[in-house]
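The values are calculated or read from the model by the stated rules, or taken from the named source; none is laboratory data. Since this is a predicted model, take the numbers as computed values, not measurements. Cβ: placed from backbone, ideal geometry, glycine included. Neighbour counts: every protein chain shown.
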Amino acid sequence: MRYILMSHVDDSTLAGMAPEAVRATMERFVSFTRALADSGVLRGAEQLQPADTATTVRNRQGEVLLTDGPHAELTESFGGFWIVETPDLDGVLKYAADCPAADFGSVEVHPLTELG
């Protein structure tokens, strides 16, 4: 079964880190992604630009409304994702626990629906 692991990071924690700690954290994300690839479960992954670069689109009463930034004021922002394929939820939860985002934010795990 395929799952998406969504990294939510506490922005204030990252902002308070020294530059070398931020670099070390980013290296942990690279290592985590490599470990997923090496294990054969990785099907895709992407890092997102900062939340303030997002545009939120809403359709309301026939009008398209655009808002700069994320759709809500949150302490955690969606920073990236990994799509993995494992036999069951227990397997993917072990990978999610290894994700660096779980140390200072959260990792949300969702099963994916096969389309078509």
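How many residues are modelled with pLDDT of 85 or more, of a type outside the set (Gly, Ala, Ser) and part of a helix (DSSP H, G or I) if we restrict to region 50-103?
9
Could you list all residues from region 21-43 that are modelled with pLDDT of 95 or more, part of a helix (DSSP H, G or I), more than 16 Å from Gly80 (Cα to Cα) and not small (Gly, Ala, Ser)?
Asp38
Per-residue answers, yes or no, for (1) among the small types (Gly, Ala, Ser); (2) free of Cβ contacts under 8 Å to residues at least 12 places away in the same chain; (3) surrounded by 10 or more Cβ atoms within 10 Å (Cβ to Cβ):
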site: Gly62; (1), (2), (3): yes, yes, no
site: Leu65; (1), (2), (3): no, yes, yes
site: Asp68; (1), (2), (3): no, no, no
site: Ser77; (1), (2), (3): yes, no, yes
site: Ile83; (1), (2), (3): no, no, yes
site: Ala96; (1), (2), (3): yes, no, yes
site: Ala102; (1), (2), (3): yes, yes, yes
site: Ser106; (1), (2), (3): yes, no, yes
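What are the pairs, 6+ residues apart or on separate chains, where a residue within region 1-13 that is in contact (Cβ under 8 Å) with a residue 12 or more places away in the chain and over 11 Å from Gly80 (Cβ atoms) has its Cβ under 6 Å from a residue that is polar (S, T, N, Q) and part of a strand (DSSP E or B)?
Asp11/Ser77
Every residue, every condition in (1) more than 14 Å from the chain's Cα centre (by Cα); (2) polar (S, T, N, Q); (3) closer than 28 Å to Glu114 by Cα, yes or no:
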site: His8; (1), (2), (3): no, no, yes
site: Asp11; (1), (2), (3): no, no, no
site: Ala15; (1), (2), (3): yes, no, no
site: Ala21; (1), (2), (3): yes, no, no
site: Ala24; (1), (2), (3): yes, no, no
site: Phe29; (1), (2), (3): no, no, yes
site: Thr33; (1), (2), (3): no, yes, yes
site: Ser39; (1), (2), (3): yes, yes, yes
site: Ala45; (1), (2), (3): no, no, yes
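State the number of residues belonging to region 99-115 that are within 17 Å of Met17 (Cβ to Cβ) and out of contact with any helix residue (DSSP H, G or I) (no Cβ under 7 Å at 6 or more places or on another chain).
Counting residues in region 99-115 that are within 17 Å of Met17 (Cβ to Cβ) and out of contact with any helix residue (DSSP H, G or I) (no Cβ under 7 Å at 6 or more places or on another chain) gives 3.
Taking only pairs six or more apart or across chains, which ones have beta-carbon atoms under 8 Å, a first residue in region 20-36 that is within 16 Å of Val107 (Cβ to Cβ) and surrounded by 12 or more Cβ atoms within 10 Å (Cβ to Cβ), and a second residue that is of a type in the set (A, V, I, L, M) and modelled with pLDDT under 95?
Listed by first residue and then by second, the contacts come to Thr25/Leu14; Thr25/Met17; Phe29/Ala101.
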